[in-house]
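Notes follow the structure.
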Amino acid sequence: MNSRFDPTVESVNASELVDPTGSRTHSGLGRRARDGSIEISAPAGIVSHDPDDLVVTVLAGTKVSEFSDAIGLQKQFVPLDPRSDQATVGGVIASGLSGVRRLGFGPLRDNLLEVRFVTGYGKLVKVGGPTVKNVTGFDIPRLLVGSLGTLGLIVQATFRCRPLPSESRWFTTSSEPGGALQKMFRPTAILSDSRSTYVLLSGEAVDVATSCRLLASCTETADVQLPEGPHRGRMSVAPATLASVEMQLRATKASDLRWLIEWGVGTIHLAADSSTSIALARAIAVDAGGWLLIEDGAEDLDPFGVTIPNLAIMSRLKRAFDPDEKFARGRFG
Amino acid sequence: MLAPRFNTRESERARAEPLELSLYSRDAGLANGQAGAVCFPRDASDVAFAVATCKKLGVPFVARGSGTGLAGGATPLDDALVIVTTQMNRVISIDAASRTAWVEPGLLNLDLTRAAQPYGLHYAPDPSSQQACSIGGNVATNAGGPHCLSSGSTTAHVLAVEAVLPNGEVAMLGSTAPDQPGFDLRGIFVGSEGMLGIATKVLVKLVPNPPQIQTMLLDFMSIDEAAATVSAIIAAGIMPAALEMMDSRITAAVEDFVGAGYPRDAAAVLLVEVDGLSGGVDHQASLITEIGRAHGAREVRLARSESERQLLWKGRKSAFGAIARIAPDYYLHDAVVPRSKLVGVLRTIYEIADSHDLTMMNVFHAGDGNLHPLIVFDRRVIGVWERVQAAGTEILERCLAAGGVLSGEHGIGLEKRAMMAQFFSEADLELQARVADALDPHGLANPGKVLPAGFRCGEVGINRTLPEGTWI
């Protein structure tokens with residue numbers, strides 16, 4: 001089992017500074033790793049898929065498109081949902097960004113069961129376990145989600161799969177999204193942009209139809225896309241503040257600002273033609289007690305825009321995983 | 001001795017009455033420990049002061065909620081100070097629109113659901129001990145329960161934790177807004193069994209009550225058929241809200257105890273619940289019925305009313321009360337195996353019990369492969385305890401060999417720390433010890449738990465007691 005990873009462990013051991021790298025689809029997140037870091041990628045491929053147990057193990061360098069196709073053959077899926085399906089599975093874990101189906105299927109971290117990775121002191125370790133329920137030892141897989149490569153080189157991950165729902169359809173509605181959220185039972189997603197509300201419904205056809213009837217002028221629509229643009233960010237605010245944050249976004253003079261709100265979650269995806277507009281949105285987020293992460297562009301702005309909480313605790317943990325600060329040095333500052 | 005604080009309350013003094021020390025020297029597991037003193041903080045600052053005092057004096061401390069844990073996680077060793085959170089039991093606030101609540105760690109699990117009920121919401125994790133167990137304890141063990149099959153264990157329902165870290169600092173881990181930048185410290189804290197700090201405030205997710213619920217009882221003439229039905233339901237892509245299995249011995253015992261209407265002569269019963277919108281509920285219920293019948297179910301009974309449904313669940317939740325009528329002692333195990341391996345694993349663990357001449361029963365969360373083999377015995381019988389332990393170890397080894405894990409919801413605590421090396425390599429355990437050492441360099445937070453001996457720094461030489469009357 002370990003021999004598959006020997007070359008990876010060797011390259012980590014042979015390098016002074018390492019920047020774990022996938023497809024670079026999320027490389028705009030966080031600060032840049034220090035110059036001189038050697039980019040090392042994880043191997044790719046599906047290790048095992050056990051459809052009867054709804055569990056899949058994949059090498060971290062596998063592209064999400066390939067991963068989804070492989071488990072899709074058995075009519076199963078894992079809701080990773082990165083912006084680009086060219087992202088690698090390891091990259092998705094390290095960037096920690098959940099997709100728009102989070103309301104229905106939970107955040108990325110709740111779908112991850114076990115991880116194998118190489119530590120800064122050059123050991124290949126296993127954390128978590130391969131079953132859907134497990135409290136054997138500390139829950140370290142969750143610590144790796146969103147760690148931006150700073151804790152080690154992720155080489156393999158085990159996820160819980162879900163059966164593909166018999167139906168999964170997007171609708172637009174003139175209902176107000178906050179009200180829709182209160183009215184509906186387990187919608188998969190409720191999104192809105194400046195023009196419309198979008199609802200993703202999954203399940204039995206009759207339930208999808210029933211839920212749709214709860215909404216005003218419910219009409220089927222194409223898949224909803226995240227806003228695109230040279231400058232992109234992701235806002236996080238308390239779900240209760242979304243309506244007021246949206247009003248403030250509408251009130252800005254930034255006509256180039258586009259957004260997509262995840263109701264019930266508190267995430268707002270933003271894109272703009274100028275980084276000034278992203279800065280305006282960030283001010284609104286911070287004012288609401290939240291923050292805005294830069295996902296791409298906006299190089300004149302700080303990647304986080306807020307002091308990262310509990311930095312002292314983080315650095316103690318960082319030293320436990322990576323005593324010589326070999327991995328992704330400087331990503332969090 | 002430390003000088004008293006201003007505004008001190010009597011509850012802040014360490015107590016060492018023999019009765020209290022004895023009461024708090026163990027949890028609901030079988031191991032006895034040794035408490036040096038006990039205290040009952042009323043807020044985070046009391047907890048922080050107690051922890052800081054321990055740090056100053058080099059005394060270990062153990063957090064404890066209701067003490068319902070079965071793995072010895074709250075059992076004090078080496079005269080540790082037991083920090084009991086039962087007086088911190090308030091629901092601080094409920095935000096019905098956001099479906100969240102801030103609660104204190106000593107709040108009982110069922111009281112949280114009761115508080116959410118007026119809003120049509122509930123707290124999803126429902127351990128069998130939910131009437132007695134506390135949210136703080138649930139966080140420490142990442143507790144589960146029957147309904148965690150579809151909705152996930154405690155960690156999926158905790159958004160933020162205010163905790164007193166082993167160095168006495170108070171930190172907020174996680175946030176109301178999603179995905180705080182930086183490491184998911186909330187994630188590593190949940191399930192850390194009191195070794196990374198003590199929760200003083202928890203932000204939990206509440207979920208809406210489902211519009212429709214169908215509870216079903218399937219009975220079988222063989223355990224193999226029941227187990228194969230479970231595997232087939234999961235393999236068919238059905239995700240019930242709960243999928244519980246009870247074998248003949250426990251079914252009969254429960255029936256004698258509460259009269260839930262269970263078939264006394266069945267070899268095994270499955271209690272299955274599906275919930276959601278009516279189309280999905282009906283569809284899943286009919287598929288489950290079909291799968292059950294195809295695997296030899298003798299009867300598939302659908303609860304026709306809420307009271308019938310409550311009665312079926314009362315049977316399941318009374319299982320441990322019913323056992324007391326059979327033998328004075330029981331040892332309840334907790335392990336998880338892949339759902340596809342249930343038939344073979346169950347067969348083997350009955351054989352293991354037989355080979356040690358022990359009576360075993362099974363009542364467990366079959367849907368997620370979470371086994372709870374339960375050995376009943378009378379500890380007054382000479383030599384029986386050794387046989388119980390030997391059988392338990394063999395059962396766990398069999399579960400690991402089938403691709404399973406050591407614990408699904410009870411935790412490792414004292415009970416299974418020695419077996420950790422059978423699941424994890426030395427390098428894996430070294431990393432876990434490094435994590436604990438990073439946050440608790442002096443090894444005072446619930447020492448001697450989870451990790452096998454020899455992995456932590458500074459784990460030797462703890463031998464100080466906090467004197468009674470110390471202001472903490």
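Kindly indicate which of B:Ala421, B:Ala438, B:Ala427 is in a helix (DSSP H, G or I), open to solvent by 50 Å² or more (accessible area, probe 1.4 Å) and within 14 Å of another protein chain (Cβ to nearest Cβ).
Residue meeting the stated conditions: B:Ala421.
For the range A:244-268, how many residues meet the condition of being out of contact with any Leu (no Cβ under 8 Å at 6 or more places or on another chain) and within 10 Å of another protein chain (Cβ to nearest Cβ)?
1
What do you reckon, is A:Pro163 open to solvent by 30 Å² or more (accessible area, probe 1.4 Å), at the interface with another protein chain (Cβ under 9 Å from one of its Cβ atoms) and under 24 Å from A:Glu262 (Cβ atoms)?
Answer is yes for this residue.
Among the residues of the range A:195-225, which ones are surrounded by fewer than 19 Cβ atoms within 10 Å (Cβ to Cβ) and part of a loop (DSSP other than H, G, I, E, B)?
A:Arg195, A:Ser196, A:Leu214, A:Ala216, A:Ser217, A:Ala222, A:Asp223, A:Val224, A:Gln225
Contact list please: Cβ distance under 6 Å, first residue in the range A:282-304 and without any contact (Cβ under 8 Å) to a residue 60 or more places away in the chain, second residue charged (D, E, K, R) and open to solvent by less than 30 Å² (accessible area, probe 1.4 Å), pairs at least six apart or on different chains.
From the range A:282-304, the pairs are A:Leu292/A:Arg282.
Is it the case that the range B:332-344 has a residue that's more than 14 Å from chain A (Cβ to nearest Cβ) and out of contact with any Phe, Trp or Tyr (no Cβ under 7 Å at 6 or more places or on another chain)?
Yes - at least one qualifying residue is present in the range B:332-344.
Need a quick list: helices (runs of 4 or more DSSP H) entirely within the range B:211-303 having at least 1 residues that are at pLDDT below 95, surrounded by fewer than 17 Cβ atoms within 10 Å (Cβ to Cβ) and out of contact with any Gly (no Cβ under 8 Å at 6 or more places or on another chain).
B:248-258, B:278-294
Listed residues A:Ala70, A:Ala42, A:Ala60; which is more than 30 Å from B:Ser231 (Cα to Cα) and open to solvent by less than 40 Å² (accessible area, probe 1.4 Å)?
Only one candidate passes the filter, namely A:Ala42.
Any idea which of A:Phe185, A:Phe117, A:Phe138 is within 11 Å of chain B (Cβ to nearest Cβ), hydrophobic (A, V, I, L, M, F, W, C) and under 17 Å from B:Arg186 (Cα atoms)?
None of the other options fit; the residue is A:Phe138.
Any residue in the range B:169-185 that's facing chain A (nearest Cβ under 7 Å) and among the hydroxyl-bearing types (Ser, Thr, Tyr): show its pairings with residues that are crowded, with 22+ Cβ neighbours inside 10 Å and in a loop (DSSP other than H, G, I, E, B) at Cβ separation under 8 Å, as long as the two are six or more apart or on different chains.
From residues that are facing chain A (nearest Cβ under 7 Å) and among the hydroxyl-bearing types (Ser, Thr, Tyr), the pairs are B:Thr176/A:Gly266.
Out of the range A:242-272, which residues are in a helix (DSSP H, G or I) and open to solvent by less than 20 Å² (accessible area, probe 1.4 Å)?
Scanning the range A:242-272 gives A:Leu242, A:Val245, A:Leu249.
Can you tell me which of A:Arg102, A:Arg109 is of a type in the set (Lys, Arg), closer than 23 Å to A:Ser27 by Cβ, open to solvent by 10 Å² or more (accessible area, probe 1.4 Å) and in contact with a Lys or Arg (Cβ under 6 Å, 6 or more places away or on another chain)?
A:Arg109
Filtering the range A:278-299 down to residues that are over 19 Å from A:Arg331 (Cβ atoms) and charged (D, E, K, R), which residue is surrounded by the most Cβ atoms within 10 Å (Cβ to Cβ)?
A:Arg282
So A:Ser275 fits all but one of (1) open to solvent by 20 Å² or more (accessible area, probe 1.4 Å); (2) over 24 Å from B:Val204 (Cβ atoms); (3) not hydrophobic (A, V, I, L, M, F, W, C); what number is the exception?
Condition not satisfied by A:Ser275: (1).
The values are calculated or read from the model by the stated rules, or taken from the named source; none is laboratory data. For clarity, every value in this text was computed on a predicted model and none was experimentally measured. Quick reminder, even Gly has a Cβ in these numbers, built from the backbone with ideal geometry, and neighbours come from all protein chains shown. These area figures cover heavy atoms from the full protein model, side chains too; ligands, DNA and RNA do not enter into them. Shrake-Rupley method; radii C 1.70, N 1.55, O 1.52, S 1.80 Å.
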